[in-house]
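**Q** Pasting a structure here, questions to come.
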Amino acid sequence: MSTPAPRQRFHEGTTIEDLKAYMTPFVVQLGYVFNDDTEFVDEVLSSELEILDQTGDVYCPCRVRTGDPKEDLKVVCPCIPFYADQFAKLRKCWCGLFVLHDVEDGSELHGVIDVPEGPADVPVARVESFPDGTVRTVRIGRREVALARVENDFYALGNVCRHAFGPLGQGFVEGHTVICPWHGWRYDVRDGTTDHPDADVKTYPVTVRDGYVIVTV
Ligand code: SF4
Ligand code: FES
């Protein structure tokens, strides 16, 4: 029996429109849209198509690849989750291909610029696609955060269980408690506390704006 071919995300002859259709649902979940400077968008996506031809994937045209495939996954477009805190402060991705959904004129937001100091308000999910009584893991730059919904309130806490590093974002919600999926340690989503001594997890402020859940980091 022959081995199945690896799944291809892009077929031969992929076009700019194909890339837009592929990327849009993903970035919309994270509070981003394509820059309204369409000429610039087409320029960046054309570069990505050239890179796709050469390498087999849509690596970022404005970032340097290291040659380490695992590390370079962080610069496959759209790379937003890996730099979500920095992009939230810039209000755009490095290249400016994507801007936050409430940016009115993206034409100035091109190219790599310095990231401002201070906290970042990072959109991490659409309210409408987050069922009550669930928890999930969201990536915000270098952090992984467990994001839980209890009725109409959202809570963000450190994702790593203090027992044996279980992923709280893959756990269960019971009232205001998140239960670790590995051995059942319980954390209060409101303040990260647990019954076990010195094992509380960090919490982050969460707001809801324009239909997005926003975590401040
Ligand atoms: S910086 Fe922008 S264009 Fe570059 S990979 Fe990230 S999302 Fe894509
Ligand atoms: S790792 Fe979470 S309860 Fe054991």
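**Q** Go through (1) more than 10 Å from ligand 1 (Cβ to nearest atom); (2) under 15 Å from PRO123 (Cβ atoms); (3) not aliphatic (A, V, I, L, M) for THR38 and report which single condition fails.
**A** (2)
**Q** Restricting the search to the stretch 144-191, which residues are closer than 28 Å to TYR83 by Cα and among the aromatic types (Phe, Trp, Tyr)?
**A** Matches in the stretch 144-191: PHE154, TYR155, PHE165, PHE172, TYR187.
**Q** Considering every residue within the stretch 90-109, establish whether at least one is under 16 Å from the mean Cα position of the chain (by Cα) and either in a helix (DSSP H, G or I) or within 16 Å of ligand 2 (Cβ to nearest atom) (or both).
**A** Within the stretch 90-109, one or more residues are under 16 Å from the mean Cα position of the chain (by Cα) and either in a helix (DSSP H, G or I) or within 16 Å of ligand 2 (Cβ to nearest atom) (or both).
**Q** Exactly one condition in (1) assigned by TED's automatic domain parsing to the domain that holds PHE82; (2) in contact (Cβ under 8 Å) with a residue 24 or more places away in the chain is false for GLU39; which is it?
**A** Going through (1) assigned by TED's automatic domain parsing to the domain that holds PHE82; (2) in contact (Cβ under 8 Å) with a residue 24 or more places away in the chain one by one, GLU39 breaks only (2).
**Q** Turning to a different aspect of this structure: Restricting attention to the stretch 12-66, and to residues there that are aromatic (Phe, Trp, Tyr) and surrounded by fewer than 18 Cβ atoms within 10 Å (Cβ to Cβ), which single residue is nearest to the chain's Cα centre (by Cα)?
**A** In this case the residue turns out to be PHE26.
**Q** Inspect all residues belonging to the stretch 18-39 and state whether any of them is part of a helix (DSSP H, G or I) and under 15 Å from HIS110 (Cβ atoms).
**A** yes
**Q** Based on this model, can you work out whether ALA146 counts as under 22 Å from GLY211 (Cα atoms) and within 15 Å of ligand 2 (Cβ to nearest atom)?
**A** In short, yes.
The values are calculated or read from the model by the stated rules, or taken from the named source; none is laboratory data. Remember, it's a predicted structure, so these values are computed and weren't measured experimentally. Cβ coordinates were reconstructed from backbone atoms using ideal geometry, including for glycine residues, and neighbour counts include every protein chain displayed.
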